[in-house]
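Have a look at the structure below, then the notes.
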Amino acid sequence: MSKKVAFLQGNEAAAHGAIYAGCKFFGGYPITPSTEVAEVMSVELPKIGGKFIQMEDEIAAIATLLGASLAGMKPLTSTSGPGLSLMQELIGYGCIAEIPCVIFNVMRGGPSTGMPTGPSQSDVMCARWGTHGDHATIALMPASVQECYDMTVQAFNLAETYRMPVHVLPDEIIAHMRERIEFREPGELEVVDRAAPTVPPSEYKPYDTSFGDVPPLAAFGSGYKFHVTGLNKLPDGFPTTKAEYVQAEEERQIRKVMANADKIIDVEEYQLDDAEVCVIAYGSTSRSARYAVNAAREQGVKAGMLRLKTFWPFADKHVKALADKVKGFIVPEMNLGMCSIEVERCAQGKAPILTIQRVDGEPITPEQILEKIKEVK
Amino acid sequence: MAYDYESRIRPGKLPHIWCPGCGHGIVMKGLIRAMDSMNLKKENTCIVSGIGCASRLPGYMDCCTLHTAHGRAAAFATGVKMARPEMDVILVGGDGDGTAIGGNHFIHACRRNINMTYIVMNNFIYGMTGGQFSPTTPHMHKASTTPYGNPDPSFDIANLAIGAGATFVARGTAFHATQIDKLIAEAIAHKGFSVVEIIDDCPTTYGRRNKFKSVTDMMKRLKDIAVPVKAAEKMTAEQLEGKILTGVLHKVEKPEYTEEYAKVIERAGGSK
């Protein structure tokens, strides 16, 4: 049987990936350049008995995700910068109450209304630190239409595995460009569902860490009754201000991700074996970087690329190892230095870092990156 | 025999946080009687709240409970109800939570006419933060942030709900305790978005700033200003000055949201 092939936008592919992952709920609010995700979900979800709702704003949109997820559905929203800003309050709720959901945020220029139709990569820090308080973040960085599909599946798997909100952060170029895409066959990609309780309702506690750092999550309406709050809580879900519980819970909620960072972090190492210059890139910028690396090699410069497929957790180990080896890093990105500051932190001065930073709504070209590669001595 | 409230209260969760004289406990007892009278199953009932004194109510109740963020109860609850239309979803909260920070979610839940019941405990003040004025604090009344008298005009929550499209709207008071369960039960039985506004008292942060000498004074005032809708029909505008109407204020039948969405699924071919 031949695979279903289509010529799709990144946004459309993400919606189909969500359906593949078992998403049954979408709550959203229209915003350029992400709206096509909502449009496709409004078509596809009711076909499989799923639910689509357009809410009054992005705060309400993510609130419906959290409610639907607690009632047992895998939920998706799509948005862009200003919407992501509005969602921050309840992304924090999702972190502390440990509710799986996926946020597909298409990066456009900012701050504020910025450049709604222009590409950008300037939401990576907003995804990481936008909500107040300590918390872990997982963010995936598709660089093709196929990856919009595959990484949305992966985002659901991670959200369900670690019981938390997970971001997919395509830039506007990836979200809007069209490419050939293969729909995955059932079973071709892994699909993970959240751990269900193994105890009867009378014994169930939603944050019972005797089951590990990610306690099973029951669903409202499935026979289990429990309490959920945004306050710091005890294993039974009820509020507490007891110092020893609060500290331990906050640490666990970060540990559940960071102790598994090696499993979660995904990079592509392109031509890195003998590389003397390493380009660190993500999203559409990595496509220019790949071209530049090839061109540099044709001109006798040993260049390579570390492509970040996950931005958070950050690929510390990879960058640290490369810093001991390469003569220099090039960090091209469509923001004013959000990735380069992380590379700086990891490189610890062992290799110089040259940056290319564009926030003018234009993509970074292969030529720009090639020139920088040649500057490394 | 005394009424068995404890069968619907979570073991070990009392005492509650409410001050002596606060009417929220009266409303909670009314809600329990309403749930009992309708035989609502604990596992199939979800009580959702925002933030504030009234929003602490779900924690005491033995069912599925969701204490959300400030103002967001209606939006979270919409997600729960869409995912599980068969569940009874009841929202509780205060005037600030529901009509200031949550005002947008409130009016849109009314507009959608989604089958949930919203009990708003209106005590005219932000109690938990110490008595700041809310959208329902009367003009010229005192709050900790209106020391010279409140310059703002106030919302009429019941009328706001009617205007926004809620299909069942009722009002009671914390004084008229035995009416509360009947209004709530009728609201839950109604198919569509129902709002029950309970005019409540906050002796601690509102009463003492506004010349109420005691809780009894505040309760007496609730008794004095309440006029049943039927009785009001025979009264003149002059006689109704300063009064509030109680009882079922509005009840109409309109398409309910989750049923409308079920039709969407049917049209899309997803119901097989």
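The values are calculated or read from the model by the stated rules, or taken from the named source; none is laboratory data. From a predicted model like this one, the values you see are computed outputs, not experimental measurements. When we count neighbours, we look across all protein chains shown, and the Cβ atoms used for this are built from the backbone with ideal geometry, even at glycine.
Before moving on, here are some points about what is shown:
- Selected residue (criterion: nearest to B:L160 (Cα to Cα)) from residues of the stretch B:220-255 that are within 25 Å of the chain's Cα centre (by Cα) and either among the small types (G, A, S) or within 14 Å of another protein chain (Cβ to nearest Cβ) (or both): B:G247
- Of all the numbered requirements in (1) without any contact (Cβ under 8 Å) to a residue 60 or more places away in the chain; (2) crowded, with 24+ Cβ neighbours inside 10 Å; (3) not in a strand (DSSP E or B), A:A292 misses one, and that requirement is (1).
- Subset of the stretch B:188-226 [charged (D, E, K, R) and in contact with a Gly (Cβ under 8 Å, 6 or more places away or on another chain)]: B:E197, B:D200, B:D201, B:R209, B:D217
- For the stretch B:87-102, the set of residues classified as within 18 Å of A:L86 (Cα to Cα) and within 10 Å of chain A (Cβ to nearest Cβ) consists of B:I101, B:G102, listed by residue number.
- A search for C-beta distances below 6 Å between a residue of the stretch B:197-218 that is under 28 Å from B:I90 (Cα atoms) and any residue that is of a type in the set (K, R) and at pLDDT 95 or above, counting only pairs 6+ apart in sequence or on different chains, returns B:E197/B:R171.
- The residue that is modelled with the lowest pLDDT, among those in the stretch A:224-261 that are over 22 Å from A:E160 (Cα atoms) and among the aromatic types (F, W, Y), is A:Y245.
- Taking the numbered list (1) on the phi < 0 side of the Ramachandran plot; (2) away from chain A (no Cβ under 14 Å); (3) in a loop (DSSP other than H, G, I, E, B) in turn, B:K211 passes all entries but (1).
- Of all residues making up the stretch A:208-221, the number that are within 14 Å of chain B (Cβ to nearest Cβ) and either over 17 Å from B:V48 (Cβ atoms) or loosely packed, with under 15 Cβ neighbours inside 10 Å (or both): 1
- Condition met for A:T64 (closer than 18 Å to A:Q154 by Cα, of a type in the set (S, T, Y) and not assigned by TED's automatic domain parsing to the domain that holds A:L231): no
- Every condition in (1) within 18 Å of B:D201 (Cβ to Cβ); (2) part of a loop (DSSP other than H, G, I, E, B) holds for B:A166 except the one numbered (1).
- Lone qualifier among A:A14, A:A71 - being in contact with a strand residue (DSSP E or B) (Cβ under 6 Å, 6 or more places away or on another chain), more than 7 Å from every other protein chain (Cβ to nearest Cβ) and surrounded by 24 or more Cβ atoms within 10 Å (Cβ to Cβ): A:A14
- Exactly one residue out of A:R307, A:R287, A:R345 is at pLDDT 95 or above, more than 18 Å from A:T365 (Cα to Cα) and either small (G, A, S) or not assigned by TED's automatic domain parsing to the domain that holds A:D123 (or both): that is A:R345.
- Residues of the stretch A:262-279 satisfying the condition of being under 26 Å from A:V293 (Cβ atoms) and either modelled with pLDDT under 95 or in a helix (DSSP H, G or I) (or both): A:D262, A:I264
- When A:A321, A:A347 are checked against the criterion of being over 18 Å from A:S288 (Cβ atoms), hydrophobic (A, V, I, L, M, F, W, C) and surrounded by fewer than 20 Cβ atoms within 10 Å (Cβ to Cβ), A:A321 stands alone in meeting it.
- Hey, A:Q253 more than 10 Å from chain B (Cβ to nearest Cβ), more than 24 Å from the chain's Cα centre (by Cα) and assigned to a helix (DSSP H, G or I) or not: no
- Of everything in the stretch A:24-68 that is over 20 Å from A:C148 (Cα atoms) and among the basic types (K, R), the residue that is surrounded by the most Cβ atoms within 10 Å (Cβ to Cβ) is A:K51.
One line per residue, one yes/no per condition, for (1) of a type in the set (D, E); (2) closer than 15 Å to B:M121 by Cα; (3) free of Cβ contacts under 8 Å to residues at least 12 places away in the same chain:
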position: B:E6; (1), (2), (3): yes, no, yes
position: B:W18; (1), (2), (3): no, yes, no
position: B:V27; (1), (2), (3): no, yes, no
position: B:M38; (1), (2), (3): no, no, no
position: B:N44; (1), (2), (3): no, no, no
position: B:G50; (1), (2), (3): no, yes, no
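- Only one of B:T78, B:T137, B:T117 that is within 26 Å of A:P46 (Cα to Cα), more than 14 Å from every other protein chain (Cβ to nearest Cβ), within 17 Å of the chain's Cα centre (by Cα) and surrounded by 24 or more Cβ atoms within 10 Å (Cβ to Cβ): B:T117
- Residues of the stretch A:144-157 satisfying the condition of being within 12 Å of the chain's Cα centre (by Cα) and assigned to a loop (DSSP other than H, G, I, E, B): none
- Matching option when the condition is in contact with a Leu (Cβ under 6 Å, 6 or more places away or on another chain), within 14 Å of chain B (Cβ to nearest Cβ) and not aromatic (F, W, Y), among A:C95, A:C101: A:C101
- Per the conditions (1) among the hydroxyl-bearing types (S, T, Y); (2) closer than 29 Å to B:T216 by Cβ; (3) outside any helix (DSSP H, G or I); (4) at pLDDT 95 or above, the sole criterion not satisfied by B:Y3 is (4).
- Of the residues A:E298, A:E244, A:E203, the single one that is under 23 Å from A:D134 (Cα atoms), surrounded by fewer than 22 Cβ atoms within 10 Å (Cβ to Cβ) and either more than 13 Å from chain B (Cβ to nearest Cβ) or touching a residue at least 40 places away in the same chain (Cβ under 8 Å) (or both) is A:E244.
- Listed by position, the strands (runs of 3 or more DSSP E) inside the stretch A:16-117 whose residues that are under 19 Å from the mean Cα position of the chain (by Cα) and at pLDDT 95 or above number at least 1 are A:23-28, A:74-80, A:101-106.
- Subset of the stretch B:6-57 that is over 30 Å from A:G72 (Cβ atoms) and either of a type in the set (F, W, Y) or in contact with a Gly (Cβ under 6 Å, 6 or more places away or on another chain) (or both) - its residue that is surrounded by the most Cβ atoms within 10 Å (Cβ to Cβ): B:C53
- Filtering the stretch B:221-258 to residues that are in a helix (DSSP H, G or I) and free of Cβ contacts under 8 Å to residues at least 12 places away in the same chain leaves B:R221, B:D224, B:A231, B:A237, B:E238, B:Q239.
- If the condition is being touching a helix residue (DSSP H, G or I) at 6+ places or on another chain (Cβ under 6 Å) and of a type outside the set (S, T, N, Q), then the stretch B:121-138 contributes B:M121, B:Y126, B:P135.
- Taking the listed residues B:R84, B:R72, B:R56, the one that is of a type in the set (K, R), more than 18 Å from A:S69 (Cα to Cα) and within 13 Å of another protein chain (Cβ to nearest Cβ) is B:R56, with no other qualifying.
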